[in-house]
Structures are given as C-alpha cells and as structure tokens.
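Enquirer: I'd like to ask some things about the structure below.
The values are calculated or read from the model by the stated rules, or taken from the named source; none is laboratory data. Everything quoted here is computed from the prediction, not taken from an experiment. FYI the Cβ positions are ideal-geometry reconstructions off the backbone, even for glycines, and counts take in every protein chain you see.
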Amino acid sequence: MFNGIIVPMITPFNNDYSIDVDALKWLTKYLSSSGVHGLFPVSTTGEFPHLSFGEKIRVTRIVVETAPSSIHVIPGASENSSIHVVELAKKYADLGVDGIVVTTPYYFKYGDEGLYKHFSYIADRVDIPIILYNIPALTGNNISVDIVVKLVEEYSNIVGIKVTYDSMTYLRRLILDSKSVRKDFNVLVGSVDLLLPSLAIGGNGGVLALAHIAPRTCVELYESWVNREYTRAIKLYQKLVRLARLYDIASSIPSIIKSTLSILGAPIKPVTRPPLTPEPEEKLKTIKTIIDEVKIELGG
C-alpha cells in the first residue's frame, strides 16, 4: 500500500514562528509534481514536538486539501500518551487522510510489553492504516523485531514500518521476519544511506527528508530498481549519498533541509522554532558547495 518515496515534510514558518501557509501549499504542490508517492506532514523533519494539537490538524488539513488525490497523505500521530494518539488519529481520519505514522512514545523508557501495549491500544481503536516508526536515537525506545512481527500477525491495520535505525542486521531481520508473516507489510527506511541496500533485500522504499532537495532523483532510483535497471539505480544512489553529506554538517534535520531549500531558491524561510536554531552563516557556504558538486537544482 505505502511503498516508494514518501517525504517527511518540513513545516514552513514565518519569521514570527507562525505557520507559513503559502509556503506549505507551495511545498505540497512542488513535491506532488515531482512524482513522490506520499506526503508525511507533522513529521520529525516537520518539528512535530513543536506543534500544538490544533496546528497538527491545521497543517494536515492544508496538505490534504492541496495534494492531488493520487498522492498518499500520511500524517504523524506521535504523542507520549496512547490516548492522545487515538484522539489525534480520529481527527485526521475526519480529514480524509490515507493513514497515520506513529513513533514509539518518548521520554519514559518502555520495554517490549509497554511498546506492545502502546501500539495495540492504538490499533484496536483506529480504523485507518497505521505505519509504525522506529527512531530509537530520538525516542530512546527501540521496537524489537519480535514485537513488530507480533503486531503484524495480530493487526491487519498495521501496514508498515519506517525504520530510522543504523543497523543492517536489524533491517535484514525485520524485512525477512515481517514478510514471512505478511508479504504485503511495507518496510521503509528513513535514511538515504540504507535505501538501495534495503531495496536489495526486499524493502519497499524510503521516507526521506532528503527527498525535499532531490525528489526526482529519489523517485528515479526507486523506479529504476523496480524496473530492474540496476546500473542506473546504483548511479543515482551514488549521487544521493554524496548529497547526504548535508546531514554531516547539520545542526538539525529541519534546519538543514530548510536552509538548503532556501539556497536553491524555494520560497521557504530558514526558520525553525526554538530551541532549534537556523544553520549558521559559515555552514551555508558548505551547503552551497555540496549542492554545486552534486549538481542539484530545485526539484532535481
């Protein structure tokens, strides 16, 4: 259901930190016209912890109303409380979204039993498709492969997982074990570095912040692999991993994506909500050097 290239959208802000509605509409149209398969507003890249409940709904409504019907809209419904996730998910469902993305809860530490209870509580009460999101570096909680497989076995509305976890061993086990239970379960990576390796072992695509900068390149890599054009896929992958050097200098993922889009000429202000900070002046020169070396233009 949810395969290919999905973009975890930034949330554009004005200089006073209010949501830049015009920029958000532009971003939705720009990404949609670039051929991506899905849009993920209220994401980590979209600074979801800095958005109020009402702002999450507002941002999602704008994306749903602006995106063509052919593009999946899958907003983030990540809250520390299982109860609050369900409340938000039901609001999203009323907007006509195609599904939701749910991280593990953060702040408190949870074992397998706690994480199973969190996701099963949600799945029992939410009718729309659910994509799990494992990003232990930021949440402090790692979903074990065994728990993912148990959830996949028990809940048909849990349809996929996004993995932002730098472990090929975990990814290999996850793909092989989850698909032995349900072949249609989608495993998506959150890192360009792992995009091609994951496709090679049976993964289904990527949820990639870098797709803001090079959406067509990301889509062409995925489609080349699906069409068995492996040499072309490898060349595109090599281009993307060179572009991924942007992450090596980033103060944060939201700030580096916004600054790069601004440098490329997009109507996006390099504004993040505090305590995140914009990229400093000296890093802007390095960003320009990287995009010039890789020969990336807006929409590339």
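Enquirer: Considering only the range 209-300, give the helices (runs of 4 or more DSSP H) lying wholly within it that have at least 2 residues that are of a type outside the set (D, E, K, R), within 22 Å of LYS29 (Cβ to Cβ) and modelled with pLDDT of 95 or more. Explain how you work it out, then say what you get.
Expert: Numbers: elements: 215-226, 230-243, 253-264, 281-294.
Counting at least 2 such residues, we get 215-226, 253-264.
Enquirer: Moving to a separate point now. For SER34, work out the one condition from (1) hydroxyl-bearing (Ser, Thr, Tyr); (2) more than 20 Å from ARG216 (Cβ to Cβ); (3) in contact with a Gly (Cβ under 6 Å, 6 or more places away or on another chain) it doesn't fulfil.
Expert: It fails just one condition, (2).
Enquirer: Among the residues of the range 67-95, which ones are in a loop (DSSP other than H, G, I, E, B) and more than 21 Å from ASN3 (Cβ to Cβ)? Working first, answer last.
Expert: To start, the set of residues in the range 67-95 that are in a loop (DSSP other than H, G, I, E, B) comprises 67-71, 74-75, 77-81.
The answer is SER78, GLU79, ASN80, SER81.
Enquirer: Let me ask something else. How many of the residues in the range 232-257 are in contact (Cβ under 8 Å) with a residue 40 or more places away in the chain, crowded, with 21+ Cβ neighbours inside 10 Å and under 16 Å from GLY299 (Cβ atoms)?
Expert: So the answer is 3.
Enquirer: Okay, next question. If you take the residues in the range 142-153 that are more than 18 Å from the chain's Cα centre (by Cα) and either polar (S, T, N, Q) or closer than 18 Å to SER82 by Cα (or both), which one is surrounded by the fewest Cβ atoms within 10 Å (Cβ to Cβ)? So that I can check it myself, show each step before the final result.
Expert: Initial filter on the range 142-153 (more than 18 Å from the chain's Cα centre (by Cα)): 144-153.
Right, trim to either polar (S, T, N, Q) or closer than 18 Å to SER82 by Cα (or both) and you get 144, 147-148, 151.
Working: SER144: 16, ILE147: 20, VAL148: 25, LEU151: 22.
Across the range 142-153, the extreme among qualifying residues is SER144.
Enquirer: In this structure, does ILE128 turn out to be surrounded by 19 or more Cβ atoms within 10 Å (Cβ to Cβ) and either under 16 Å from GLY190 (Cβ atoms) or touching a residue at least 12 places away in the same chain (Cβ under 8 Å) (or both)?
Expert: Working: surrounded by 19 or more Cβ atoms within 10 Å (Cβ to Cβ): no; either under 16 Å from GLY190 (Cβ atoms) or touching a residue at least 12 places away in the same chain (Cβ under 8 Å) (or both): yes.
Spelling it out, it is not the case that ILE128 is surrounded by 19 or more Cβ atoms within 10 Å (Cβ to Cβ) and either under 16 Å from GLY190 (Cβ atoms) or touching a residue at least 12 places away in the same chain (Cβ under 8 Å) (or both).
Enquirer: To continue, here is another question. Taking the residues in the range 28-38 that are without any contact (Cβ under 8 Å) to a residue 40 or more places away in the chain and surrounded by 16 or more Cβ atoms within 10 Å (Cβ to Cβ) as candidates, determine which candidate is nearest to LYS269 (Cα to Cα).
Expert: THR28
Enquirer: Has the range 40-58 got any residue that is in contact with a His (Cβ under 7 Å, 6 or more places away or on another chain), buried (at least 19 other Cβ atoms within 10 Å of the Cβ), outside any loop (DSSP other than H, G, I, E, B) and at pLDDT 95 or above? Please lay out each step first, then the result.
Expert: The first filter runs over the range 40-58 and keeps only residues in contact with a His (Cβ under 7 Å, 6 or more places away or on another chain), leaving none.
For the range 40-58, residues in contact with a His (Cβ under 7 Å, 6 or more places away or on another chain), buried (at least 19 other Cβ atoms within 10 Å of the Cβ), outside any loop (DSSP other than H, G, I, E, B) and at pLDDT 95 or above: absent.
Enquirer: Across the range 2-22, what is the number of residues that are under 12 Å from VAL63 (Cβ atoms) and part of a helix (DSSP H, G or I)?
Expert: 1
Enquirer: Residue under question is VAL21, and the condition is that it be among the β-branched types (Val, Ile, Thr) and surrounded by fewer than 16 Cβ atoms within 10 Å (Cβ to Cβ); does it hold? Before you say what the answer is, go through the steps one by one.
Expert: Working: among the β-branched types (Val, Ile, Thr): yes; surrounded by fewer than 16 Cβ atoms within 10 Å (Cβ to Cβ): yes.
In short, yes.
Enquirer: Can you tell me how many residues within the range 160-184 are without any contact (Cβ under 8 Å) to a residue 40 or more places away in the chain, outside any helix (DSSP H, G or I) and touching a strand residue (DSSP E or B) at 6+ places or on another chain (Cβ under 6 Å)?
Expert: 3
Enquirer: Are there any pairs, at least 6 apart or on different chains, whose C-beta atoms fall under 7 Å, with the first in the range 5-27 and farther than 13 Å from LEU261 by Cβ and without any contact (Cβ under 8 Å) to a residue 60 or more places away in the chain and the second of a type in the set (Val, Ile, Thr) and assigned to a loop (DSSP other than H, G, I, E, B), and if so, which?
Expert: ILE19/THR11
Enquirer: Got at least one residue in the range 190-201 being farther than 27 Å from LEU24 by Cα, of a type in the set (Gly, Ala, Ser) and under 17 Å from the mean Cα position of the chain (by Cα)?
Expert: Yes; the residues of the range 190-201 include at least one that is farther than 27 Å from LEU24 by Cα, of a type in the set (Gly, Ala, Ser) and under 17 Å from the mean Cα position of the chain (by Cα).
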